[in-house]
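I have placed the structure first, in the form of structure tokens, so that the comments after it can refer back to it.
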Amino acid sequence: MVHESGAIQEYAENCPGTPGLDIARVRRDFPILSRQVQGKPLVYFDTAASAQRPLAVIEATDLFYRLHNANVHRGVHTLSQEATDLYEAARLALAGFIHAHSTREIIFTRGTTESINLVAQSYARPRIGPGDEILVTHMEHHSNIVPWQMVCEQTGATLRVAPINQRGELLLDEMAAMLSERVKLLACVHISNALGTINPIKEICAMAHQHGIPVLVDGAQAMPHANVNVAELGCDFYCLSGHKMYGPTGIGALWAHERILEDMPPWQGGGEMIRTVTFEKTEFNELPAKFEAGTPNIAGAVGLGAAVNYLQHLGMDSIAEHENSVLEYATAELSTIEGLTIIGTAQEKAGVISFTIDGAHPNDIGTLVDHFGVALRTGHHCAMPVMQFFKVPATARASFGLYNTREEVDVLMASLKHVREMLR
Ligand SMILES: Cc1ncc(COP(=O)(O)O)c(C=O)c1O
């Protein structure tokens, strides 16, 4: 297995991004964008729920099944070795992409949710007890709330919540005041899926580390939007999902420092994660296999590796710049619609606009704009505490990906004006 930091460094250096995006060309990489919905060209504004896949990802997965399919790590035959090489190449690509020190720090999981649960059960649960605290924020996705509630239930610890303001920004001073030796872990989202807020993770980690508190970052929404450098952020755990970053569903990863992972017991038992087994005793495998029990999602990992290569080829800075310009345009346009309120107006914001329209239920908004070919998400976005904070039952949400354009925002605007007319 390749895990030399030199190989990771080399990978990162050999994948420079291209300055600026040729959006017309980029859009041709995504076959689904040329389909029609309700007789209209699809306008896909639901990337925060799941991104569309470029041909590079579709073909990598397809080729894997056509030419290389076999189980990994266990065979001496050619196909098994090819499958293992492709699986491990994906790990190397991801390690380089997020600037991990070693591929031993990349654990493939089903996604962000599973990564958080792994840390909750294998890291937090054995280390905490009554009187201890786990700190989350008011803008977390349920995936970064419920696993901690379960650990609190199992251990007698208390879940505490750092507050936000009316713009949907974290109140850092209040969060700082909540840090003490009782807090055994701080779990915080990098970019909020419901509000678009980009949290100052580097600052938060520095604050928490002054008290010796490890920090888990939910990176589900940050991976497709920003350059993520785990070393620079200074976090202890970083969780991500393949399908949010233009890769397949059912694959994701947990990154953590090798020394932390070494100290954690395996989470699930089974094949792959062992070195030897007798009925008396099992010796566990080394990292990362120790945390990958059973046959993994091999094709998913290969597709995720292809997604990483694709993003790296386009360049994360160019992607962020493009998405910001669409966000800025859409924010200005939507603000002109009478009765429309944007929920989440943080200074630092990524490509998400949650909104309500007076007199219109978000579900009705979603259904009506679908007739224009526009895919919006409506509901609580798995962030009910955010809805409770803003005193709304639900919002409509437009979320932007690297393939969206200002012209598509114009289609959204036309469809929303129609909504206003219909529901007036
Ligand atoms: C911020 C955030 N965290 C966690 C998740 C959960 O990701 P997954 O369902 O891929 O595990 C999501 C998905 O919407 C998300 O947006």
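The values are calculated or read from the model by the stated rules, or taken from the named source; none is laboratory data. Remember, predicted model here, so these are calculated numbers, not experimental data. Cβ coordinates were reconstructed from backbone atoms using ideal geometry, including for glycine residues, and neighbour counts include every protein chain displayed. Note: accessible area is taken over every heavy atom of the protein model, side chains too, but ligands, DNA and RNA are not part of it. Shrake-Rupley method; radii C 1.70, N 1.55, O 1.52, S 1.80 Å.
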What is the helix-to-structure angle for 78-97, meaning the angle in degrees between its Cα long axis and the longest Cα principal axis of the chain, kept from 0 to 90 and rounded to the nearest 10? 60
Gain upon complete extension [His361, Arg35; 0.36 nm per residue less C-alpha separation]: 114.6 nm
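Tell me, what % of the accessible area of the chain is carbon and sulfur with a 1.4 angstrom probe? If you can, show how the numbers build up before the last one.
Details: 9150 of 17650 Å².
Reported share for carbon and sulfur atoms: 52 percent.
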Is the shape of the stretch 116-229 rounded, prolate or oblate, going by the alpha carbon gyration tensor and its root eigenvalues a ≥ b ≥ c, with a/c under 1.5 for rounded and a/b larger than b/c for prolate? prolate
Test of understanding: extend the Cα→C-beta vector of Leu172 to 7 Å, then name every residue of the stretch 327-356 with backbone N under 13 Å from that spot. 347-348
With a 10 Å radius around each residue's Cβ, average the other Cβ atoms per peptide and rank 264-275, 320-331, highest first. 320-331, 264-275
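Suppose R0 equals 25 Å; then what is the FRET efficiency for Glu262 and Ala70 from their Cβ-Cβ distance, rounded to the nearest 0.05?
Values: r = 30 Å, r/R0 = 1.19.
Rounded to the nearest 0.05, the efficiency is 0.25.
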Over the Cα atoms of the stretch 35-140 the radius of gyration and the largest Cα-Cα distance (Dmax), both in Å, equal 19.8, 59
What residues have an amide H closer than 5 Å to that of Val37, excluding those fewer than 5 places away on the same chain, when H is modeled at 1.01 Å from N in the peptide plane? Leu42
When the C-alpha atoms of the chain are aligned to their principal axes, what extent does each axis show, in angstrom, from largest down? 72, 55, 37
Calculate how many DSSP beta bridges within the stretch 103-228 are antiparallel, expressed in % of all such bridges and rounded to the nearest 5. 15
Whose amide H sits under 5 Å from the amide H of Ala162, counting only residues 5 or more places off or on another chain, with H placed in the peptide plane? Val136, Thr137, His138
What are the residues whose amide H is under 5 Å from the amide H of Ile343, where those residues sit 5 or more places off or on another chain and H is modelled from the backbone? Ser354, Phe355, Thr356
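Anything over 19 Å Cα to Cα? Flag those among Lys40/Lys417; Lys349/Lys417; Lys244/Lys290, in the order listed.
Values: Lys40/Lys417 17 Å; Lys349/Lys417 25 Å; Lys244/Lys290 26 Å.
With Cα atoms farther than 19 Å apart: Lys349/Lys417; Lys244/Lys290.
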Treating the angle as unsigned and between 0 and 90°, give the value, to the nearest 10°, between the Cα long axis of helix 298-314 and the longest Cα principal axis of the chain. 60
Place the peptides 214-221, 202-209 in order of packing, highest mean first, counting for every residue the other Cβ atoms within 10 Å and averaging per peptide. 214-221, 202-209
With every protein chain kept in place and a 1.4 Å probe, the chain has an accessible area per residue in Å² of 42
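Working out 0.36 nm times the residue gap between Glu181 and Ala414, then minus their Cα-Cα distance, what length gain in nm do you get to one decimal?
Values: separation 233, 0.36 × 233 = 83.88 nm, distance 5.37 nm.
Taking Glu181 through Ala414 to full extension adds about 78.5 nm, to one decimal.
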Sorted by average packing, counted as other Cβ atoms within 10 angstrom per residue and highest first, what order do 359-367, 100-108 take? 100-108, 359-367
Output ³J(HN,Hα) for the stretch 122-133: one whole-Hz value per residue in order, computed from phi by the Karplus curve 6.51 cos²θ - 1.76 cosθ + 1.60 with θ = phi - 60°, and x for Gly and Pro. 8, 9, 6, 3, x, 9, 10, x, x, x, 7, 10
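Output the antiparallel fraction of DSSP beta bridges having both residues in the chain, as a percent to the nearest 5.
Numbers: 29 of 47 bridges.
Percentage antiparallel, nearest 5: 60.
Of all DSSP beta bridges in the stretch 186-317, what percent run antiparallel (nearest 5)? If you can, show how the numbers build up before the last one.
Numbers: 9 of 16 bridges.
Here the share of antiparallel DSSP bridges comes out near 55 percent.
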Whole-Å semi-axes of the ellipsoid equivalent to the stretch 193-331 (Cα gyration tensor, √5λ, descending): 33, 21, 11
Computed FRET value (nearest 0.05) for Leu55 with Glu328, which takes r as the C-beta separation and R₀ as 25 Å: 0.30
Work out the FRET efficiency for Ser335 and Thr282 from their Cβ-Cβ distance, taking R0 = 45 Å, and round it to the nearest 0.05. 0.15
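Suppose only helical runs count, i.e. DSSP H with n ≥ 4. What mean residue ellipticity at 222 nm does that imply for the chain under -39500 (n - 2.57) per run, divided by all residues and rounded to the nearest 500 deg cm²/dmol?
On the way: 15 runs with 156 residues, N = 424.
Helix-only estimate at 222 nm: -11000 deg cm²/dmol.
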